[in-house]
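Enquirer: I have a structure I would like to understand better, so I am pasting it below and will then ask my questions one at a time.
The values are calculated or read from the model by the stated rules, or taken from the named source; none is laboratory data. Not measured: the values here are computed from a predicted model. Note that we place each Cβ from the backbone using ideal geometry, even for glycine, and neighbour counts take in every protein chain shown.
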Number of protein chains: 2
Amino acid sequence: MPTPEKALIAEIRRAAGRAENSAIRTGIGDDCAILRLPEHSKNPIDTLVTTDFTLENVHFRRNWHSPESVGHRCLTRGLSDIAAMGGNPLAAFLSLALPRDVPQAWVRRFIFGLLSLAEEYGVTLVGGDTAESLSGILADIIVLGTVPQGKALLRSGARPGDRIYVSGELGGSAAAVLAMRKNPKRKLSPRNYPRHFFPEPRIKLGRILREKKFASAAIDTSDGLSTDLAHICEESGVGAEIESNAIPRASVGRPLHEVELDLALHGGEDYELLFTAPRGKRIPSRIASIPITPIGHITRHRKIFLTNRDGIRHELRPLGWEHFRKT
Amino acid sequence: MPTPEKALIAEIRRAAGRAENSAIRTGIGDDCAILRLPEHSKNPIDTLVTTDFTLENVHFRRNWHSPESVGHRCLTRGLSDIAAMGGNPLAAFLSLALPRDVPQAWVRRFIFGLLSLAEEYGVTLVGGDTAESLSGILADIIVLGTVPQGKALLRSGARPGDRIYVSGELGGSAAAVLAMRKNPKRKLSPRNYPRHFFPEPRIKLGRILREKKFASAAIDTSDGLSTDLAHICEESGVGAEIESNAIPRASVGRPLHEVELDLALHGGEDYELLFTAPRGKRIPSRIASIPITPIGHITRHRKIFLTNRDGIRHELRPLGWEHFRKT
């Protein structure tokens, strides 16, 4: 009988074999994957690498999330980091450790969810590792991408006076977690919470921000607005002023309703792009069909302030999705 | 109070900052790491990528292994894969999930063990991910390397008539596991079992095998000789004949004694190189100061046979380290 690991490798091989990518030489089945990255002395590139864990009962629960959703979200975590740098994703690697009790069907559906998204973005799954886990499903996704040399969007480029923008809407993913925590037995419909169950990484938006030189700094909202804005401020050595009225809050659930401000401020895993642009720069209100909303500006002082709807201004602390999420 | 994760990132940043590597542009602290890989139109390269889990109670135990040993072994897993392709390691990424009960000192010593080895091989730790684990320490190491274009040593290059060689000695790592399992309370001295606690990846050997065109196929012995030879045979579409008398068995423990044949045949995590070479090729008995031992030859038929010391020949099944290791 094949071990779960052997069966898994065979499964991934079969599935990954469908994808095609001229940059990949040898994929699954050797000690390393071999990538032949595009090489043009006229258009030199930088290589982007990102790694992200997806751990059972930390990032997902088997009774809350379908295997397809877990696979999709797993890859989105990596692709979203590439998007935040304005990069083009190229290849993915999956390290997957499974407990003995995971049904083969779960793995197949997980891989299907991951590969469907990979195909959408022209990403090939080229390798990884498999192991037995003694407790819970453990996945680590590695995504490689490229960007023209020296052109990656960094967190460190924000300057005083720059305007702050965010794509899409915030808090939708956290709202789903909150709803599931309130009522752990009821399965949520992914259709009512798409940004939680099947978030699309903002690859095209990131690329346009880079190509059109719109953004001075960028990050994806994986940890929540307050934390991710703090990351930009920290790396850039600046502060920020934002307005609660301006923050685009997600509409979720059934009946559709707007999420609370707290969720939009601190809830993570929306995988939108948060970026800054020099004051004079005209930023379209939609880019790649995604609404772009100005929410404030960068300041010299190294603190972040929020002005609420009553005009009262107070310091905004990065509450952090990690703590917010926990039961 | 800083969360364990924040403290960890700070720790890694501080430690990794010591390393220097001209190929690394932006390391820890942005959405992705940015690598500027060497680019020469005259000497084009392929990029190698490998990922490997190191999971508590699967790959190590906190009461058996010092944190330095866990960090060292974690990186060796990745470096050894680069060695098996004849590559040059360049950069490493660490995804690390920690339970709340892990002391800061453990993490610091783990990172120290990992970075000491990284420094030895000119590898920079440039990124990764941190998370909270609900059960056990979970690490995933990703190593990137380079190799001249089209020159990587593959598993698939073995041809009938090729001789089979192995570097160093086998079974030493498994012997340590066996000793610890027999007497779980007693701490083994790493000095008596160096290949288990502080295995050196065979980077220089792999590079020489490639440069001198010695090897037709190669793999590292991470899963154990019987399994790793089966991998070469499977990928090359061939079989093999090996002699038990010829297999170099490790000497371990105190008093020093040779390990049983079973451990040398099936015990994994020795991180030696197993390679094949065309029959006519003269292979030195030492390469890069490491003994090289011929143990058999490649055949046309897709099975692996072992001839024992009494001249009796029987089929050798890949028993597999994964099963062997488990209690």
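Enquirer: Of all residues being of a type outside the set (A, V, I, L, M, F, W, C) and within 17 Å of the chain's Cα centre (by Cα) in the stretch B:123-145, which is nearest to A:H59 (Cα to Cα)? Just the residue, please.
Expert: B:D140
Enquirer: I'm told B:D228 meets every condition in (1) within 17 Å of B:N192 (Cα to Cα); (2) in contact (Cβ under 8 Å) with a residue 24 or more places away in the chain; (3) touching a strand residue (DSSP E or B) at 6+ places or on another chain (Cβ under 7 Å); (4) not aromatic (F, W, Y) except one. Can you identify the failing condition by its number?
Expert: Exception for B:D228: condition (1).
Enquirer: In the stretch B:138-153, which residues are at negative phi and surrounded by fewer than 24 Cβ atoms within 10 Å (Cβ to Cβ)?
Expert: B:T146, B:V147, B:P148, B:Q149, B:K151
Enquirer: Of everything in the stretch A:100-139, what is among the charged types (D, E, K, R) and more than 14 Å from chain B (Cβ to nearest Cβ)? Give them in sequence order.
Expert: Selection gives A:D101, A:R108, A:R109, A:E119, A:E120.
Enquirer: Let me ask you something else. Output the residue which, of all residues in the stretch B:47-69 that are more than 27 Å from A:I28 (Cβ to Cβ) and not polar (S, T, N, Q), is farthest from the other protein chains (Cβ to nearest Cβ).
Expert: Here the answer is B:E68.
Enquirer: Can you tell me which residues in the stretch A:53-74 are buried (at least 24 other Cβ atoms within 10 Å of the Cβ) and in contact with a strand residue (DSSP E or B) (Cβ under 6 Å, 6 or more places away or on another chain)?
Expert: If the condition is that a residue be buried (at least 24 other Cβ atoms within 10 Å of the Cβ) and in contact with a strand residue (DSSP E or B) (Cβ under 6 Å, 6 or more places away or on another chain), then A:F53, A:T54, A:V70, A:C74 are the ones that fit.
Enquirer: Name the strands (runs of 3 or more DSSP E) wholly inside the stretch A:102-197 in which the number of residues that are outside the structural domain of A:I247 (by TED's automatic domain parsing) is 3 or more. Break it down into steps so the answer makes sense when it comes.
Expert: On the way: elements: A:124-132, A:138-148, A:163-167.
Ranges flagged: A:124-132, A:138-148.
Enquirer: I would also like to ask the following. State all residues of the stretch B:141-200 that are within 30 Å of A:T50 (Cα to Cα) and touching a Phe, Trp or Tyr at 6+ places or on another chain (Cβ under 9 Å); if no residue qualifies, say none.
Expert: Within the stretch B:141-200, B:I141, B:I142, B:V143, B:L144, B:L153, B:P199, B:E200 meet the criteria.
Enquirer: When you go through (1) touching a strand residue (DSSP E or B) at 6+ places or on another chain (Cβ under 9 Å); (2) within 30 Å of A:L37 (Cα to Cα); (3) of a type in the set (D, E) one by one for B:E120, which number turns out not to apply?
Expert: (1)
Enquirer: Can you list residue pairs whose Cβ atoms sit under 8 Å apart, with the first residue in the stretch A:25-41 being over 13 Å from B:T50 (Cβ atoms) and the second being acidic (D, E) and at pLDDT 75 or above? Count only pairs 6 or more apart in sequence or on different chains.
Expert: A:R25/B:D46; A:R36/B:D46
Enquirer: When you go through (1) crowded, with 24+ Cβ neighbours inside 10 Å; (2) at the interface with chain B (Cβ under 9 Å from one of its Cβ atoms) one by one for A:P89, which number turns out not to apply?
Expert: Of everything listed in (1) crowded, with 24+ Cβ neighbours inside 10 Å; (2) at the interface with chain B (Cβ under 9 Å from one of its Cβ atoms), A:P89 misses just condition (2).
Enquirer: Which number in (1) over 21 Å from the mean Cα position of the chain (by Cα); (2) buried (at least 18 other Cβ atoms within 10 Å of the Cβ); (3) of a type outside the set (D, E, K, R) marks the one condition that A:G280 misses?
Expert: (2)
Enquirer: Right, something else. Tell me whether the stretch B:101-124 contains one or more residues that are in contact (Cβ under 8 Å) with a residue 60 or more places away in the chain and at positive phi.
Expert: yes
Enquirer: Please indicate, with yes or no, whether at least one residue in the stretch B:278-300 is within 14 Å of chain A (Cβ to nearest Cβ), more than 29 Å from B:R181 (Cα to Cα) and either in contact with a Phe, Trp or Tyr (Cβ under 8 Å, 6 or more places away or on another chain) or modelled with pLDDT under 95 (or both). Don't jump to the end; show me each part of the working.
Expert: Quick first cut of the stretch B:278-300, residues within 14 Å of chain A (Cβ to nearest Cβ) only: none.
There is no residue in the stretch B:278-300 that is within 14 Å of chain A (Cβ to nearest Cβ), more than 29 Å from B:R181 (Cα to Cα) and either in contact with a Phe, Trp or Tyr (Cβ under 8 Å, 6 or more places away or on another chain) or modelled with pLDDT under 95 (or both).
Condition check ((1) at pLDDT below 95; (2) of a type in the set (S, T, N, Q); (3) within 28 Å of B:L188 (Cβ to Cβ); (4) under 16 Å from the mean Cα position of the chain (by Cα)) across all residues:
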{"site": "B:E211", "(1), (2), (3), (4)": "no, no, no, no"}
{"site": "B:A217", "(1), (2), (3), (4)": "no, no, no, no"}
{"site": "B:D228", "(1), (2), (3), (4)": "no, no, yes, yes"}
{"site": "B:S236", "(1), (2), (3), (4)": "no, yes, no, no"}
{"site": "B:I247", "(1), (2), (3), (4)": "no, no, yes, no"}
{"site": "B:G253", "(1), (2), (3), (4)": "yes, no, yes, no"}
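Enquirer: I'd like the full set of residues that are more than 10 Å from chain B (Cβ to nearest Cβ) and out of contact with any helix residue (DSSP H, G or I) (no Cβ under 7 Å at 6 or more places or on another chain), limited to the stretch A:147-158.
Expert: A:P148
Enquirer: Suppose the filter is assigned to a loop (DSSP other than H, G, I, E, B), farther than 21 Å from B:S80 by Cα and in contact (Cβ under 8 Å) with a residue 24 or more places away in the chain; does B:R282 pass it? Don't jump to the end; show me each part of the working.
Expert: Details: assigned to a loop (DSSP other than H, G, I, E, B): yes; farther than 21 Å from B:S80 by Cα: yes; in contact (Cβ under 8 Å) with a residue 24 or more places away in the chain: no.
So B:R282 does not fit the description; no.
Enquirer: Out of the residues in the stretch B:233-266 meeting the condition of being buried (at least 17 other Cβ atoms within 10 Å of the Cβ) and among the small types (G, A, S), tell me which one is farthest from the other protein chains (Cβ to nearest Cβ).
Expert: B:G253
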